[in-house]
Amino acid sequence: MKITDLKVAIIGNAPVVRITTDEGIDGVGAGETAKPYLKPMVEFYRDMIVGKDPTDVERVMLGIRRMGSFKPWGTAVSAIEMALWDIAGKAAGVPTYKLLGGKIRDKVQVYNGNVRYEREGSEPEHFAADMQKMKDHPYNFSIIKQAVSFHGGMHRTMDNFYYGTPVTKGRYPNRGTITPKGFKYLLKCVEAMLDVLGDDVGLALDCGPGMTVPDALKLAKELEGSNIMWLEDMVTGDYSPFVLADLYKQITPYTSTPIHTGEQIYLRQNFVELIERNAVNVLGPDVADVGGIAEMKFIAEYADLHGILFAPHGTFDGLIGLAVQTHMAAVLPENYIAFELPQAKPEWWLDIMEGGEQFAVTDSHIDVPSTPGLGLTFIPEVAEKYLREEDADFFDD
Ligand SMILES: [Mg+2]
């Protein structure tokens, strides 16, 4: 089998990849929603993969992997890898996870970082009310993640949250020392959420980046004994184009609160330091940024050998990402906790692809599907109307 074309279209706002072959089998992959600017980045790889056998996934990946980088520049490579696994599964007539070692679980746990409500204010009682709504959601989430500190925009919603002048525009990485007043407020908000969740649901907190090392350790120590699932990305994360394991080494060994990072990191090599030095307790790479499904599997296995847990990022990965994460989670070792649920947004994604209903959530879990490949197929007649003019040939062979 040979790859005949690598196509990319912006559907909704997400870069969607379609790889075609000379045997009529195609494969799909996708990047995070709101990354339409990556279209040329995907096209960049076309000449490097056309003519190759897509079922030799690793061989194709070897040719393109080094031409990527930390978030968002690992997206194209990751989306291509997904599409290759989709083809390989379809060609073999088996679900993709069978080619990755086979599933070790029949349903996979997800956590909520995606079902959101408009919070009515920024006081602790508003955090509590918001948490109650998420707790009451029919998906019955077992873990809910909430954004606090810099990640939750506390430097914007209160005066003097930290010793610095917040820049509120764009993606500016605000960073600095939290004031006593800010720290007390942060703790009050967390306590209010913990009260709502009780022992029924785990609370994870996405905190930065932007926190200093002393503040990160202070927060972790304050929350000891409260069964926080993890503190995510306190000092690096999101779009930090670096790892800085040394900073985490000043936090993680000194607290019993689990410390988490990794969503922006590209490739297994960039996890070596975090893992071998036990710089964090939980890793959360994103399958749509790290380099793909097999990359996630390798990192999770290596982390497991070092006593590090795995809770993958994925809130913006869309319907295709949901399918990909389900296959991935089926094969990860037992250090796996849960992946961050992405959803079909807008909901018409469920109309334009066949198979989406297989990934429904019940009691915070998704059943592992048994259909070949990733289990999603475009319905071109329906999907066409969501294509941009310049992408009109996306479904042509
Ligand atoms: Mg995060």
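Key figures
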{"read-out": "Residue satisfying condition, being among the hydrophobic types (A, V, I, L, M, F, W, C), under 15 Å from Thr33 (Cα atoms) and crowded, with 22+ Cβ neighbours inside 10 Å, within set Leu341, Leu332", "value": "Leu341"}
{"read-out": "Residue check for Gly291: away from the ligand (no atom under 16 Å from the Cβ), crowded, with 24+ Cβ neighbours inside 10 Å, small (Gly, Ala, Ser) and outside any helix (DSSP H, G or I)", "value": "yes"}
{"read-out": "Residue that is nearest to Gly170 (Cα to Cα) [pool: residues in the range 248-262 that are among the hydroxyl-bearing types (Ser, Thr, Tyr) and within 16 Å of the ligand (Cβ to nearest atom)]", "value": "Thr261"}
{"read-out": "Only listed residue being buried (at least 20 other Cβ atoms within 10 Å of the Cβ), out of contact with any Pro (no Cβ under 6 Å at 6 or more places or on another chain) and acidic (Asp, Glu), chosen from Glu81, Glu120", "value": "Glu81"}
{"read-out": "Those residues of the range 294-326 which are closer than 15 Å to Gly31 by Cβ and in a strand (DSSP E or B), in sequence order", "value": "His313"}
{"read-out": "Residues within the range 253-284 that are assigned to a helix (DSSP H, G or I) and buried (at least 24 other Cβ atoms within 10 Å of the Cβ), tallied", "value": "2"}
{"read-out": "Any hit, the range 132-153, residues being at pLDDT 95 or above, of a type outside the set (D, E, K, R) and in a helix (DSSP H, G or I)", "value": "yes"}
{"read-out": "Residue that is surrounded by the most Cβ atoms within 10 Å (Cβ to Cβ), among those in the range 51-78 that are part of a helix (DSSP H, G or I) and among the hydrophobic types (A, V, I, L, M, F, W, C)", "value": "Ala76"}
{"read-out": "Residue in the range 232-247 that is within 16 Å of the ligand (Cβ to nearest atom), in contact with a Pro (Cβ under 7 Å, 6 or more places away or on another chain) and among the acidic types (Asp, Glu) present", "value": "yes"}
{"read-out": "Those residues of the range 34-50 which are surrounded by fewer than 20 Cβ atoms within 10 Å (Cβ to Cβ) and among the hydroxyl-bearing types (Ser, Thr, Tyr), in sequence order", "value": "Tyr37"}
{"read-out": "From the options Lys169, Lys184, residue that is in a helix (DSSP H, G or I), out of contact with any strand residue (DSSP E or B) (no Cβ under 6 Å at 6 or more places or on another chain) and either within 16 Å of the ligand (Cβ to nearest atom) or free of Cβ contacts under 8 Å to residues at least 40 places away in the same chain (or both)", "value": "Lys184"}
{"read-out": "Answer from Glu354, Glu340 - the residue that is touching a Ser or Thr at 6+ places or on another chain (Cβ under 8 Å), closer than 24 Å to His313 by Cα, assigned by TED's automatic domain parsing to the domain that holds Phe310 and modelled with pLDDT of 95 or more", "value": "Glu340"}
{"read-out": "The one condition in (1) modelled with pLDDT of 95 or more; (2) within 16 Å of the ligand (Cβ to nearest atom) that Thr33 fails to fulfil", "value": "(1)"}
{"read-out": "Matching residues in the range 123-134 - criterion: being buried (at least 16 other Cβ atoms within 10 Å of the Cβ) and in contact with a helix residue (DSSP H, G or I) (Cβ under 6 Å, 6 or more places away or on another chain)", "value": "Pro124, Phe127, Ala128, Met131"}
{"read-out": "Test: residue in the range 204-213 that is assigned by TED's automatic domain parsing to the domain that holds Asp367 and more than 16 Å from the ligand (Cβ to nearest atom)", "value": "yes"}
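The values are calculated or read from the model by the stated rules, or taken from the named source; none is laboratory data. All values reported here derive from a predicted model rather than from experimental measurement. Using ideal geometry, Cβ is built from the backbone for each residue, glycine included, and neighbour counts are taken over all protein chains shown.
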